[in-house]
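Below is one structure, written out as structure tokens; comments come after it.
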Amino acid sequence: MSAEQNTINGLIERARRAQAIANGYDQARTDLLCAAAAWAIMEPAHNQALAELAVRDTGLGNVADKIQKNHRKTLGLLRDLQHAKSVGVIHEDRAAGLTEIARPVGVVGAITPSTNPGATPANMIINAMKGRNAIILAPSPKGYSTAALLLEYVHAEFDKLGAPRDLVQLLPAPVNKAITHELLQQVDLIVATGSQSNIRAAYSSGKPAFGVGAGNVSVIVHSSADVAAAAEKIVRSKTFDHATSCSSENSVVIEDAVFDAMIAALKAQGCALLDESAKAQLQARMFPAGHLSAEFTAKSASDIAALADLGNMNAARVLMVLETGVGAAFPFSGEKLSPVLTLYRAKDFDAAVKQVAEIYAFQGAGHSVGLHASAEHVEALSMQLGETLPVARVIVNQAHAIATGGSFDNGLPFSLSMGCGTWGGNSFSDNLSYKNFLNITRIARPIAPRNADETALFAPLFRATGR
């Protein structure tokens, strides 16, 4: 037996013992467990310490925004879970003779990213607790210290409830591919957020898995849009936590009729438009050998300008580049994970949709698309996007990175893991939620027969084919 197998065997054994205890919890005690895990990250002093540690050890994002993210995403998730049934009978349909009973999935293995080393593990833990599961975290190496501190806080809260600590565990440091692979072989369910290599490992493990697709969000600015409002939302989203979110806008496709006005509005929000020379220099530094350099990830616009020797741009909140092409030869058409925004010009809305489709054929299919348009046009346009583009979400007149993972002013579930459907190589197209951490047992009782009418069922076909 390898050292990795021996280590994971021990973690799994402890997790199963703890999960057997949680399996006996009623809904009220289960919800207390969720609240305890939430308070572990939301308690102000804890939140501050986790945010500071995350920025210090990953070098990604900024403390103030991580504090806001840790608080807001966790609070929103608790709101979503507040009245949700996850223990015992959760649905009954007497007419159909069906009763649905919620059951745990068992032991969950969670791969979590360096971009959100506090908020994402907390989200996974709370959802797992809602289903009375145990969970073992496999954080990125850079995010390990944050996950370890979060675990301390969670365990302290569980102690106050008399709940077993081993419901939430962490792989021992240093986390590497070998021990993560072994974890994936032994858990009952895998949830994976982060690099596409981690997602592929989850899906190829042979175990049930929920993984997320690549981000590369585009938004369309329609000719009817309030450009000032659109610019404010785009910049607020793009600068949040230095664009660590996969939901941050990467490209803005602007209709010709409002192109100049939109550029002016973006500049008024602190965006700097690079000329061709500066764009070429940034591209050479940011994409050496055609691949995004980690040195530029989740840094401020001024730091990125300094890294690329673009001169003093301390006042810039976002760096903008004009682009016409898509694909590997045009790296600004892909995900940048930084406050660098790519602008495209489209003659009309249909051309803008075509441009987004081309971008998603290169990268980002399945995730989401944004739309800024007037109330008069937004319903028809959003339906067109929803029926034609390969996206799981159409985000209308909102700050994209804040809205996509659920918001208090939209109806999407709060989550930090967004499924991208088959377009993005995923098994689901929802925002990951507690429902993904449940097994459902269905009791089927005999009812009065509801026989099929063969004539009625085939009548449309026979009429259509002249039979």
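None of the figures in this text is laboratory data; all of them are computed from the coordinates on show. Not measured: the values here are computed from a predicted model. Here the Cβ positions follow ideal geometry from the backbone for every residue, glycine too, while neighbour counts run over all protein chains shown.
Using amide H atoms built 1.01 Å from N in the peptide plane, name the residues 5+ places from N116, or on other chains, whose amide H lies under 5 Å from its own.
Placed amide hydrogens put nothing under 5 Å from N116.
Where a Cα-Cα gap under 17 Å defines reach, which aspartates and glutamates qualify for K66, not counting those fewer than 8 residues away within the same chain?
Partners within reach: E43, E52, D57, D241.
To one decimal place, what Kirkwood hydrodynamic radius in Å is obtained for the chain from all pairs of distinct Cα atoms?
Roughly 23.6 Å, rounded to one decimal.
To make sure I understand the rule: partners must be lysines, Cα under 22 Å from the Cα of K207, and not fewer than 8 residues away in the same chain. Which ones qualify?
K207 reaches K130, K177, K435.
When ranked by the protection proxy of mean other Cβ atoms within 10 Å per residue, highest first, what sequence do the peptides 254-260, 214-220 form?
Result, highest mean Cβ count within 10 Å first: 214-220, 254-260.
Give me a comma-separated list of calculated 3J(HN,Hα) values for the range 255-261, in order, Karplus coefficients 6.51, -1.76, 1.60 applied at θ = phi - 60°, integers in Hz, x for any Gly or Pro.
After applying 6.51 cos²θ - 1.76 cosθ + 1.60, I find 5, 4, 4, 10, 4, 4, 5 Hz.
Using a cut-off of under 13 Å, list every residue of the range 231-273 whose amide N is near the label point 7 Å from the Cα of A315 along the Cα-to-beta-carbon line.
267-273, by backbone N distance to the label point.
Can you tally the lysine pairs in the range 217-410 where the Cα-Cα distance is under 19 Å and the two residues are eight or more apart, or on different chains?
10
What are the aspartates and glutamates whose alpha-carbon lies under 20 Å from the alpha-carbon of K85, with same-chain residues fewer than 8 places away excluded?
In chain and number order, the partners are D26, D31, D93, E100, D430.
With the cut-off at 1.5 for a/c, could you classify the range 1-136 from its C-alpha gyration tensor as rounded, prolate or oblate?
oblate
Modelled label-to-label distance, Q68 and A148, 7 Å Cα→beta-carbon offset: nm?
Computed distance between label sites Q68 and A148 equals 3.0 nm.
In the neighborhood of R165, defined by Cβ-to-Cβ distances under 13 Å, what is the net charge if each Lys or Arg adds +1 and each Asp or Glu adds -1?
The answer is -1.
Long-range amide H contacts for I190: which residues qualify at under 5 Å (H placed 1.01 Å from N, peptide plane, sequence gap of 5 or more or a different chain)?
G109, A209, F210
Name the long-range amide H neighbours of I135: under 5 Å, sequence gap of 5 or more, or other chain; modelled H, no Pro or chain starts.
It is V108, V168, Q169, by chain and number.
Which order do the peptides 85-97, 400-412, 275-287 take when ranked by the mean count of other beta-carbon atoms within 10 Å per residue, highest first? Show your work: numbers first, answer last.
Numbers: 85-97: 13.0, 400-412: 19.2, 275-287: 15.3.
Most protected by this proxy first, the peptides run 400-412, 275-287, 85-97.
What share of the DSSP beta bridges in the range 217-410 is antiparallel, in percent to the nearest 5?
Close to 5 percent.
For the modelled label position 7 Å from the Cα of I447 along Cα-to-Cβ, which residues of the range 57-101 have backbone nitrogen atoms closer than 19 Å?
Once the point is set 7 Å along Cα→Cβ of I447, 89-101 turn out to lie under 19 Å by backbone N, inside the range 57-101.
Please work out whether the range 345-467 counts as rounded, prolate or oblate from its C-alpha gyration tensor, where a ≥ b ≥ c are the square roots of the eigenvalues and a/c under 1.5 means rounded, while otherwise a/b larger than b/c means prolate and anything else oblate?
oblate
Could you state the orientation-averaged shadow area of the convex hull built on the Cα atoms of the range 217-410, in nm² to one decimal?
With the hull built on Cα positions only, its mean projection is 9.7 nm².
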